[in-house]
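Have a look at the structure below before the remarks.
Quick note: the coordinates plus some simple rules give every number you see, no bench work behind them. Bear in mind the structure is a predicted one, so any value in this text is a computation, not a measurement. Here the Cβ positions follow ideal geometry from the backbone for every residue, glycine too, while neighbour counts run over all protein chains shown.
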């Protein structure tokens, strides 16, 4: 890719060099960030002291060709905001709400606003995808946004458009502009929020687990197309934590607060500077615990393959080396080392032929040629530990590994009896009192035990004793404030 003058510089789509593609993606993000920061500074010159700046960030970051650096843009704004849409009806599990909330809350390590989310159905151009929430689901999702750290929830939109491409992207009111089933649930929810808000606004969550997100790795993996979807792996790892009620933040390569967490989950760190890898090594050496996915450390920040043993810069930390990778079909693991269903005891797509140096193998593939190479290893390093995964795992296998790590670092004892469809989120409110949100993502009545101190359910205004039980209706909500 020889370039002799500025006019010969290709666009990203016309480039063949992955390093050049990465720089183009960085340029896009930098340009957008600088533009929005420039706008923010202009507005800030004229806004009143009681006003604030924010931006309605779409969950665009999990899709290809994203050109936003939300973390950088948010630095000049007082409050981060989120535009997120999520499942309804029988497929609803609340994961999109939690994922979007955790990601946005981590921009500024504080509360955020939901500036756009589902009202009734969502659909472009026609009425083929009309899935309005079942009775109770609208209220449940509103409280879930607040439980994740939102200080406001607003909807797209108040009433449904009467023409245009979003005619059937339905608002709170339908086209007749009359109160309806959803409006009545909106009204009930708004009255609850108005009554309870002093006890829940500005509540602060404290997580002991973080997921490391890297925009460079997102674009680097996309350029190389290795059969590895980085964003999907983030969703998979986050879902493992979400389903088991383990609070999680996001950290970024430029973060300096890795030491605040007992466990850092890293889907991949394909493109990384030596400084970032050294920070991860120091984190584990000083007592941290990491779970690291495949292709990590392979390239430097310019997306050039490292000359060192792979995984580059992490070889000693993980206690392994490898020189070869191969594409694979789905392979079962030998035996069942993590005690999951046999049909989910599998790896797929990408496989690194790992050679342990100091690491202890945890699982091997059941394959005539590759069965001698471990696919998951554990390595004690300094005061901490690293788990390395040399392939792509099923949801259940990934969940088993993450839960095992959470148990080892002592953050999975209290929630051991609460799993999806009961979602529990713990926090401290502005009055300094512990509060606990319980969300029932099922159409069945659930009885839940209060494992915390004596508390009042803020919604029903009933007192729940320690070790006492309370009932969640289908798609129901309870918010316990300890005495």
Return the FRET efficiency for the residue pair residue 39, residue 308: r is the Cβ-Cβ distance, R0 is 45 Å, and the value is rounded to the nearest 0.05. 0.55
Based on other C-beta atoms within 10 Å, arrange 212, 113 from fewest to most. 113, 212
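Using 0.36 nm per residue of separation minus the Cα-Cα distance, give me the extension gain between residue 195 and residue 451 in nm, one decimal.
Values: separation 256, 0.36 × 256 = 92.16 nm, distance 2.56 nm.
Using 0.36 nm per residue and subtracting the Cα-Cα distance, I get 89.6 nm.
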Report the gain in length on full extension from residue 52 to residue 469: 0.36 nm times residue separation, minus Cα-Cα distance, nm rounded to one decimal. 145.9 nm
Most exposed first, judged by fewest Cβ atoms within 10 angstrom, 117, 122 run 122, 117
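Using 0.36 nm per residue of separation minus the Cα-Cα distance, give me the extension gain between residue 85 and residue 135 in nm, one decimal. Write down the numbers at each step before the final one.
On the way: separation 50, 0.36 × 50 = 18.00 nm, distance 1.79 nm.
So the extension gain works out to 16.2 nm.
Could you tell me which of rounded, prolate or oblate describes the range 1-127, using a ≥ b ≥ c as the square roots of the eigenvalues of the alpha-carbon gyration tensor, with rounded for a/c under 1.5 and, failing that, prolate when a/b is larger than b/c and oblate otherwise?
Because a/c hits 1.5 or more and a/b fails to exceed b/c, the range 1-127 counts as oblate.
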Rounded if a/c is under 1.5, else prolate if a/b beats b/c, else oblate: with a ≥ b ≥ c from the C-alpha gyration tensor eigenvalues square-rooted, which is the range 250-300? prolate
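Report the relative contact order of the range 50-201, percent, no decimals, based on alpha-carbon pairs under 8 angstrom and at least 6 residues apart. The partial results should precede the final answer.
Values: 265 pairs, mean separation 29.4, N = 152.
For the range 50-201, the relative contact order is 19 percent.
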Taking square-rooted eigenvalues a ≥ b ≥ c of the alpha carbon gyration tensor, is the range 209-408 rounded, prolate or oblate, where a/c under 1.5 means rounded and, failing that, a/b exceeding b/c means prolate? rounded
Let me know the Rg and Dmax you get for the range 168-207 when you use only its Cα atoms, in Å. 14.8, 45
Based on the Cβ-Cβ distance from residue 348 to residue 256, what FRET efficiency comes out when R0 is 30 Å, to the nearest 0.05? 0.25
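By counting other Cβ atoms within 10 Å of each Cβ, how are 443, 50 ranked from fewest to most?
Working: 443 16, 50 5.
Result, fewest neighbours first: 50, 443.
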Using alpha carbon centroids, what distance separates the range 116-178 and the range 417-437, in Å? 26 Å
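Per the Cauchy relation, a quarter of the hull surface: what is the mean projected area of the convex hull of the alpha carbons in the range 272-375, in nm²? Mind showing how you got there, number by number?
Working: hull surface 29.0 nm².
The orientation-averaged projected area of the Cα hull of the range 272-375 comes to 7.3 nm².
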Here the relative contact order (percent) of the range 431-472, from C-alpha pairs under 8 Å and at least 6 apart, is 39 percent
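Once you have the alpha carbon radius of gyration of the range 347-389, what is it after dividing by 2.2 N^0.38 Å, with N set to its residue count?
Values: Rg = 11.1 Å, N = 43, 2.2 N^0.38 = 9.2 Å.
Against the empirical 2.2 N^0.38 Å value, I get 1.21 for the range 347-389.
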Counting only backbone N atoms under 17 Å from a point 7 Å out along Cα-to-Cβ of residue 358, the residues of the range 301-339 in range are 309-322
Between helix 395-408 and the chain: long-axis angle, C-alpha atoms, 0 to 90°, nearest 10: 90 degrees
Report the relative contact order of the chain, percent, no decimals, based on alpha-carbon pairs under 8 angstrom and at least 6 residues apart. 11 percent
Students often get this wrong: which residues of the range 23-40 have the backbone nitrogen under 20 Å from the point 7 angstrom along Cα-to-C-beta of residue 13? 23-32
